[in-house]
1. Can you name the residue in the stretch 69-91 that is in a helix (DSSP H, G or I) and in contact with a helix residue (DSSP H, G or I) (Cβ under 6 Å, 6 or more places away or on another chain) and, of all such residues, is surrounded by the most Cβ atoms within 10 Å (Cβ to Cβ)?
2. Hey, can you tell me all the residues within the stretch 112-171 that are aromatic (Phe, Trp, Tyr), in a loop (DSSP other than H, G, I, E, B) and surrounded by fewer than 24 Cβ atoms within 10 Å (Cβ to Cβ)?
3. Filter the stretch 190-210 for residues that are closer than 15 Å to residue 47 by Cβ and surrounded by fewer than 24 Cβ atoms within 10 Å (Cβ to Cβ); which is modelled with the lowest pLDDT?
4. Go through the stretch 118-160 and give me each residue that's farther than 20 Å from residue 210 by Cβ and touching a His at 6+ places or on another chain (Cβ under 9 Å).
5. Would you check which residues across the stretch 172-212 are out of contact with any Asp or Glu (no Cβ under 9 Å at 6 or more places or on another chain) and either of a type in the set (Ser, Thr, Tyr) or assigned to a strand (DSSP E or B) (or both) and list them?
6. So if I check each of 157, 141, which one is under 17 Å from the mean Cα position of the chain (by Cα) and of a type in the set (A, V, I, L, M, F, W, C)?
Amino acid sequence: MNRSYLNYLSRLAACLFLAAAALPAAAWPTKPITFIVPYPPGGGTDIIARIYQEPLAKALGQPIIIENRGGAGGSLGTAVAARATPDGHTMLFTLSSHSINPVIYAKLPFDTEQDFRPVSMVASLPQLFAVNPATPYKTFAELMTYIKSNPGKIDYASVGIGSPSHMAGELLKMQSATFMVHIPYRGGGPAVAAAMGGDVPLLIVSIPAAMSQVRSGRLRALAVCTRMPRRSCPTCPPSQKPPGSRVTRSTPGTPCSHLPRHRTRLSSACTKRSRRSPCGQM
C-alpha cells in the first residue's frame, strides 16, 4: 500500500448504510429502527451512534435501538446487517473499515458495494495517540525518539485489523521508517482498557473513545491526527495526519424510495446535534 492510500484509509468515517434491491414503496418508519454498530460498546463508533440516537429518534418519530456486534474488524456486525430484513428499519452505523475489509479479508459474507447503499456521513473524527501515564513519554517527539532508537520494542493498540487506527499506526511506521508491533483489539473500549491497564504502552483510537480517560488522567494524550488543534483536546499537538469520519449505510434490499427520507432526516438531526454537541468539537 502506498502512503496516499494509507492516508485515506486512516480517516475514521462514521456513516450510515442501507441496502440495494428495490422494493415497493411504503410508509417509513413504521416501527423502531435498529442501528447495528459493528464494534463493542465504549468505542468511538458506539459513542457517536449514541450521541445521535435521541435527536434522530425524535426526528423520525420512532425509537432508535443500538445493537453492538463487534468482531473481525467490523465484518461480523456488517454481515448481520446484510442479512437483515430490507425494509429500511435496520441500518449499519460503521466507519471507514467498511471499505478496508475487502482488501484485508479474502472472503466476506457480503459485498460492500453491492449489498449496501450509503445514506449519510455522520461525523469526521481524528485519531488520537495516547500512552499510559506510567510510561516516560511526555510528548509525541519523545515517543518517536524512543521508537526510532528501539524498533520493535513498542507495541501499539488499535481497535482491530483494518481499522482506521490500524491504518494510522502503519502510516506512522512508513513515514518514520521505523517499526512498532501492532496489537489489535475488538474495538475501542477493549483497546482503551488495555492501555489503561498497562498491557500496551501506546494507544491509537478516535478522540471520543479515549477523551474521558485523558481528561481524568488515566491516559496521557500526545497528539491528534490533524493539521490544526482540536477544541476537545487543546493540549494535544496536531501530527499533520488526516482526520477520520463515520458513515451510516442501509441494509441490502432497502426500498430506494426510503433513501431521501433517511438522508433528509438524518442530516437534520445531525445538524441540530452538532450545534450543541461536543462531537462537533472533536
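The values are calculated or read from the model by the stated rules, or taken from the named source; none is laboratory data. All values derive from a computational prediction rather than experimental measurement. Here the Cβ positions follow ideal geometry from the backbone for every residue, glycine too, while neighbour counts run over all protein chains shown.
1. Only one residue fits best here, namely 74.
2. Filtering the stretch 112-171 down to residues aromatic (Phe, Trp, Tyr) leaves 116, 129, 137, 140, 146, 156.
From what is left, the residues that are in a loop (DSSP other than H, G, I, E, B) are 116, 137.
Selection gives 137 alone.
3. Checked the stretch 190-210; the qualifying residue modelled with the lowest pLDDT is 190.
4. Scanning the stretch 118-160 gives 119, 120.
5. 176, 178, 184, 185, 203, 204, 205, 206, 212
6. 157
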